[in-house]
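Right, one structure below, let's go through it.
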Amino acid sequence: MSPKELPPSKNLVFGRTFSDHMLRIRWTEATGWQAPSIEPFATINLSPGATVLHYAQSLFEGMKAYRHDNGTVTMFRPDMNMKRMNTSAQRLALPAFDGNALLECIKELISLDRQWIPKEPGHSLYIRPTLIGTNGTLGVAPPSEALLFVITSPVGPYYPRGFKPVPLHGTTEYIRAAPGGTGAYKLAANYAPGVVAQKSAAKQGYAQNLWLHGPEHWLTEVGTMNLFAVIKDKDGITELITPPLDGMILPGVTRDSVLALARNHVSGVKRLEGLPDVIRVSERPINMGEIIQSSKEGRLIELFGTGTAAVVTPVDKIGYNGGDVIIPTGKDGMGPVSKPLWTELVGIQTGDIQSDWNYVVAQ
Ligand code: COI
């Protein structure tokens, strides 16, 4: 009844502004999922004993809705987020839900707030579904009450002034994930401990941190993003490498999309202009030893992060063992492999390229 004033798109800062409405769905062990409701964006009342506050019973998703030039509103591969959200819920003993039904509710929310999707190129509505344990009991146990809510936030391009490659600090004193841990799930508790690693990287003059795992310093993720390296092998074949989904890596939607686009290029299903004719697409471990060796031999082509928020983030150096490993970058920031992949991905997301990855929210 009292819509807020839409902010000018040029002033948007990631995640600071919220649209008029939110979706709320309560769950109790006794009654199951209750009727969903779309309400004004407002505070949540919680018992100070709520399990989310004490034991981090909280998980989330991140996805985006785009407004195409012809007015159509779509979301990008939201089925993947619904699946991952249920996987995260299972890991925290929070209740499972019907992903298609939640998607229908989110569609209603976005249709209602569609004027909040900025029209400018590179802009979108960031969608944040969240599930928390809400019962007020200090016993460590599966929650008997939960709240699933969805809020949305208009966002601009992550890099408003073009792609500026970021320097990374190789983090060896902290880990993000461990075998058997929760790194493969989108849990709130995975993010809070990452902030000190990020702060430490910033203090040393780096934009983000690179999570290095184990004594061999395996590359795992970049800040809150998945990671790709491109190396020429000794036979001159370009290899696109990302760490495998071994339980420590978040199964990113952008990660999966980059792999699928590259594999479609290789198999000839859809060739991408500008990509090298022959590429090897590998989900395999890669460590700092291999990065340094390939760099010394002039075979390191590029390194980039992928995620929903920033899509593709090129990297220009890695602070490691007191020195910097320099990573080549293209003239506009992105390298020869990430650029054509990014172009295709963004073309699909913004509706310039037809794809069944787009889920229509409103025509
Ligand atoms: C993403 O890369 O989309 C993220 O996961 C970032 C988010 C935690 C802000």
Theoretical ellipticity at 222 nm over the chain - DSSP helices of four or more residues, -39500 (n - 2.57) apiece, nearest 500: -6500 deg cm²/dmol
Charge-dipole axis of segment 9-157 as Lys and Arg at +1 and Asp and Glu at -1 on Cβ define it, positive-most pick from I38, G136, G62: G62
In degrees, nearest ten, helix 78-91 long axis to first principal axis of the chain (Cα): 80
Sequence-distant aspartates and glutamates (8 or more away, or on other chains) whose Cα lies within less than 13 Å of K10: E120
Percent of Cα-Cα distances greater than 31 Å, calculated over the chain: 38
Trypsin sites (Lys or Arg not before Pro) lying in DSSP loop within segment 162-244, provided at most 15 other Cβ fall within 10 Å: K234
Per-residue HN-Hα couplings for segment 122-130 [Karplus 6.51, -1.76, 1.60; θ = phi - 60°; Hz; x = Gly/Pro]: x, 9, 7, 9, 7, 10, 10, x, 9
Debye-sum result for segment 9-157 in log10 I(q)/I(0), which assumes one identical scatterer on each alpha carbon, at q = 0.17, 0.20 Å⁻¹: -0.95, -1.22
For P142, net neighbour charge (Lys/Arg +1, Asp/Glu -1) across residues whose Cβ lies under 13 Å away: -1
Cross-link table K296/K339; K64/K339; K64/K331, entries beyond 26 Å C-alpha to C-alpha: K64/K331
Test item: Cα-centred dipole of segment 221-363, Lys/Arg +1 and Asp/Glu -1 on Cβ, debye: 160
Net dipole in debye of segment 77-149 [+1 Lys, Arg Cβ; -1 Asp, Glu Cβ; about Cα centre; nearest 20]: 260
Local electrostatic count, M85, Cβ distance below 12 Å [Lys/Arg +1, Asp/Glu -1]: +2
Coil-residue trypsin sites (Lys or Arg not before Pro) of segment 260-363, DSSP, other Cβ within 10 Å capped at 13: K270, R271, K331
Ordering of 301-310, 44-53, 140-149 by burial proxy (mean other Cβ atoms within 10 Å per residue, highest first): 301-310, 140-149, 44-53
15 Å beta-carbon shell around W33, net charge (K/R +1, D/E -1): -2
0 to 90° range, to nearest 10: angle between helix 99-112 axis and the chain longest Cα axis: 80
Top positive-direction residue, dipole computed over segment 9-157 with Cβ charges, set P121, T51, I25: P121
Test item: Cα-centred dipole of the chain, Lys/Arg +1 and Asp/Glu -1 on Cβ, debye: 480
Of every Cα-Cα pair in segment 166-349, the percent that sits beyond 21 Å: 46
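Bear in mind these aren't lab numbers, they're just calculated from the coordinates by the rules spelled out. If you're wondering where the values come from, they're calculated on a predicted model, not measured in any experiment. Here the Cβ is made from the backbone with ideal geometry for all residues, glycine too, and neighbour counts use every protein chain on show.
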